[in-house]
């Protein structure tokens, strides 16, 4: 599991892209979009930008072409899901991991660090 991701459309602000992508992918309306950081992206001239936002709605309606699974977690639920292996966190070097751990309030430890999106893992 990771954070939601998407692309900015021509003429669209970053904050508008966040709100649009979250709504398109999981049906949640958001406000108070706040920039949190960035990282290089492995495609030419690209950049991954991280944001947080406040949800106005909480019911999840997944776009099956985009999202396989989505869930809300409290901090305790997330820690337990990571500890038991139900949730595999993004790699430590990713903006996605930093966003999750910023929200959580510290580092989350996982028995196995996942190295890519194919489910292969490295110790």
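Whenever a residue of region 83-105 is over 10 Å from residue 2 (Cα atoms), its partners that are modelled with pLDDT of 90 or more and part of a loop (DSSP other than H, G, I, E, B), lying with C-beta atoms within less than 8 angstrom and at least six residues away or across chains, give the pairs 101/107; 101/108.
Within region 36-56, how many residues turn out to be part of a loop (DSSP other than H, G, I, E, B) and under 16 Å from residue 8 (Cα atoms)? Full working, then the answer.
Of the residues in region 36-56, the ones part of a loop (DSSP other than H, G, I, E, B) are 41-46, 56.
Right, trim to under 16 Å from residue 8 (Cα atoms) and you get 41, 43-46.
Count: 5.
Per the listing 24, 66, 15, the residue uniquely more than 19 Å from residue 99 (Cα to Cα), without any contact (Cβ under 8 Å) to a residue 60 or more places away in the chain and out of contact with any helix residue (DSSP H, G or I) (no Cβ under 9 Å at 6 or more places or on another chain) is 24. Residue check: residue 74 meets all listed conditions (1) touching a residue at least 40 places away in the same chain (Cβ under 8 Å); (2) surrounded by fewer than 16 Cβ atoms within 10 Å (Cβ to Cβ) but one, namely (1).
Right, residue 99: surrounded by 12 or more Cβ atoms within 10 Å (Cβ to Cβ), within 18 Å of residue 18 (Cβ to Cβ) and in contact with a helix residue (DSSP H, G or I) (Cβ under 7 Å, 6 or more places away or on another chain) or not? No; evaluated as a whole, the condition is false for this residue. Within region 37-54, the set of residues being surrounded by fewer than 16 Cβ atoms within 10 Å (Cβ to Cβ), more than 13 Å from residue 95 (Cα to Cα) and in contact with a strand residue (DSSP E or B) (Cβ under 6 Å, 6 or more places away or on another chain) comprises just one member, 54.
Of the residues 80, 72, the single one that is closer than 22 Å to residue 108 by Cβ, part of a helix (DSSP H, G or I), modelled with pLDDT of 90 or more and out of contact with any strand residue (DSSP E or B) (no Cβ under 6 Å at 6 or more places or on another chain) is 80. Residues being within 16 Å of the chain's Cα centre (by Cα) and loosely packed, with under 13 Cβ neighbours inside 10 Å are represented in region 29-36 by at least one member.
The values are calculated or read from the model by the stated rules, or taken from the named source; none is laboratory data. Every value quoted in this text rests on a predicted model; they were computed, and no experiment measured them. Reconstructed Cβ throughout: ideal geometry from the backbone, glycine too, with neighbour counts over all protein chains shown.
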